[in-house]
Amino acid sequence: MIWMAWMMEPEFAEALWSSPTFLPSLAWPLMAFLGPGGVMLAALAFVGWARFSLPALSRDVTGTALAADLVLVMVPVIAVMLILTQSLWLMREIVIVHYAAYGAARSGRVMLCPIVPETGRALMLQAAGKLGCTGDAHKAEMAARLALVSASPPWPVPCLGNCRFPDRPLRAIAGETGAGALYPALEAQAEYAFDPDNVKVEIGFDPRYLAFAAKPGLTPPVRARLTFRHYVIYGLGPVFGQPRSDGYYYKETVAEVTVL
């Protein structure tokens, strides 16, 4: 996964590899993905044992054996497929959440001003907002939420807060990517990503490097810490997530990325 990111965007791969949250957040869905494989093999072994251990059942030509196979296998297969789907979905979204944190950190790298301006003139220009840096983390949060659109469910989920999203940029993205006909689904995803209860973004200088900020004009590395509530599919909520106030279930992922 990191190798694919390295091939597409080396800077993101480096940030992903150095992130203290990426590998730990993948551990649980990865175990949930590998576990059902053993359950499936055990179910198949049990069916094989039943067919060969019960001669009357294996010689049956009335359809009893087929019905027994269906009854024995159907419920485990459905449960395993649901778990596999949710696990793969979570692993995919964890990468997207870390990319959203990476995008927020890159935006913050531009928007946050040096702690100590290089000269007195730079201080005056910085105070007047003429150096490009504003100290406003809103644009960094906007970058994170736009990236999280693709990690959100493409069907309507009740909004718990103010879910207003930038409609024109989203329509432009849909038009440029050939997804104009799918805009209703994209709109549902955007509402989820822009729900204040689903996303929390913290942008600031990485405290590990604040000692280097004493040099005039130097901007320390920027750290973005993002918390995202993954939607949990129906039937697996009590296992994978925790309940919202309206009965839907979610699972939180925290992504922390530092951009030098």
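Need one number: nm distance between label points at residue 150 and residue 227, each 7 Å from Cα along Cα→Cβ, rounded to one decimal.
Label-label distance for residue 150 and residue 227, simple model: 2.6 nm.
Between residue 167 and residue 208, what length in nm is gained on full extension when 0.36 nm per residue of separation is reduced by their alpha carbon distance? Can you show the working numbers first?
Working: separation 41, 0.36 × 41 = 14.76 nm, distance 3.80 nm.
That pair, residue 167 and residue 208, stretches by 11.0 nm at full extension.
For region 146-260, with only Lys/Arg (+1) and Asp/Glu (-1) charged at the beta-carbon, what is the dipole magnitude about the Cα centre, in debye rounded to 20?
320 debye
What do you get for trypsin sites (Lys or Arg not before Pro) in region 154-202 restricted to DSSP loop and a cutoff of at most 16 other Cβ within 10 Å of the site's Cβ?
Values: sites: 164, 171, 200; in loops: 164.
Listed in order of number, the matching sites are 164.
Beyond 21 Å, what share of the Cα-Cα pairs of region 151-260 remains, rounded to the nearest whole percent? Write down the numbers at each step before the final one.
Details: 3142 of 5995 pairs.
Cα-Cα pairs in region 151-260 separated by more than 21 Å: 52 percent.
How far apart, in nm, are two points set 7 Å out from the Cα along the Cα-to-Cβ line at residue 9 and at residue 252?
My value for the distance between the label points is 2.5 nm.
At what distance in nm do the modelled label points of residue 18 and residue 92 sit from each other, each positioned 7 Å from its Cα along Cα→Cβ?
Computed distance between label sites residue 18 and residue 92 equals 3.0 nm.
Starting from the Cα-Cα distance between residue 160 and residue 73, subtract it from 0.36 nm times their residue separation and give me the gain in nm to one decimal. Walk me through the numbers on the way to the answer.
Working: separation 87, 0.36 × 87 = 31.32 nm, distance 3.95 nm.
In short, 27.4 nm is gained.
Where a number appears in this text, it was derived from the coordinates with a stated rule and is not lab data. As the structure is a prediction and not an experimental result, all values here were calculated from the model. Ideal geometry is used to build each Cβ from the backbone, glycine not excepted, and the neighbour counts take in all protein chains shown.
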